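The values are calculated or read from the model by the stated rules, or taken from the named source; none is laboratory data. Everything quoted here is computed from the prediction, not taken from an experiment. Reconstructed Cβ throughout: ideal geometry from the backbone, glycine too, with neighbour counts over all protein chains shown. For accessibility, only protein heavy atoms count, side chains too; no ligands or nucleic acids. Shrake-Rupley method; radii C 1.70, N 1.55, O 1.52, S 1.80 Å.
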Amino acid sequence: MDIILVPGFWLDASSWAEVTPPLVEAGHRVHPLTLPGLESVGAPRAGIGLRDHIDAVVAAIDTIDGPVVLVGHSGGGAIIHGGVDARPDQVLRAVYVDSGPLGAGAVINDGLSVEGDDIPLPPWDAFEAAELVDLTDDLRAAFRARAVPEPRRVASDLMQLQDERRYDVPATIISCEISSSLVTEWIAAGHPFVAELARLHDVEYVDLPTGHWPQFTRPAELGAAILAAVRRTA
């Protein structure tokens, strides 16, 4: 299987390095992406928006002659959902790592502090305690050292979707800081935060209790969870 891995904000393709070994050992082909504007701290980010990141995922799908599994962490979950919408016949499963699909007209996060065209990684005290679980001082230092500012518009552009066949693509939700039981409670209550997720026809939930960055805090377990989702797909 070809597996396209999309990082969340402030991260590039290398953020998946400790997650992919079990996927490769199982014979799968992995394609971790560095999205536009995330190539380096000095990369230009002016004018780069959410559609540019979705288009980068679609371009990766189009280079592959066959079906794919999309994996998206955090804000990357919204981006892979755009990829599902664009190529519903080619995506066999979407795996959302501590994330979920974003509905039309919604934004990923327009509350982050902006500096010009950039959204720098915020100070740690700007995050909720649940997001930082298991993120040790060493991991925080390594994360901050590798962090690249997110293009401003990616966080605030409105999601645009057009193909309702996206709801037929099976999904796996890997729940980390927020348990799957709470997510399903929100769905039952009609919470707008999970409105798009509630419209998916085939969803499985996997709990991986840790903070918001399991690729750093529990990479082996995250790799195993993604591998299990792929095996249920193939």
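The table below lists the values:
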read-out: Residue list for segment 27-68, filter: touching a Lys or Arg at 6+ places or on another chain (Cβ under 9 Å), of a type in the set (A, V, I, L, M), surrounded by 13 or more Cβ atoms within 10 Å (Cβ to Cβ) and not in a helix (DSSP H, G or I); value: LEU38, ILE48, ILE64, VAL68
read-out: Failed criterion for VAL148 (all others in (1) of a type outside the set (Gly, Ala, Ser); (2) open to solvent by 40 Å² or more (accessible area, probe 1.4 Å); (3) in a loop (DSSP other than H, G, I, E, B) hold); value: (2)
read-out: VAL107, sole failed condition from (1) β-branched (Val, Ile, Thr); (2) under 16 Å from the mean Cα position of the chain (by Cα); (3) open to solvent by less than 10 Å² (accessible area, probe 1.4 Å); value: (3)
read-out: Segment 1-26: number of residues that are farther than 18 Å from ARG144 by Cβ, touching a residue at least 60 places away in the same chain (Cβ under 8 Å) and open to solvent by 10 Å² or more (accessible area, probe 1.4 Å); value: 6
read-out: Filter result (closer than 23 Å to ALA104 by Cβ, surrounded by 14 or more Cβ atoms within 10 Å (Cβ to Cβ) and either of a type outside the set (A, V, I, L, M) or under 17 Å from the mean Cα position of the chain (by Cα) (or both)) within segment 172-190; value: THR172, ILE173, ILE178, VAL183, THR184, TRP186
read-out: Test: residue in segment 76-84 that is under 21 Å from GLY47 (Cβ atoms), open to solvent by 10 Å² or more (accessible area, probe 1.4 Å), touching a strand residue (DSSP E or B) at 6+ places or on another chain (Cβ under 7 Å) and at pLDDT 95 or above; value: no
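Yes/no matrix, rows are residues, columns are (1) over 23 Å from PRO149 (Cα atoms); (2) hydrophobic (A, V, I, L, M, F, W, C); (3) touching a strand residue (DSSP E or B) at 6+ places or on another chain (Cβ under 6 Å); (4) modelled with pLDDT under 95:
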site: ILE61; (1), (2), (3), (4): yes, yes, yes, no
site: VAL68; (1), (2), (3), (4): yes, yes, yes, no
site: VAL97; (1), (2), (3), (4): no, yes, yes, no
site: GLY116; (1), (2), (3), (4): no, no, no, no
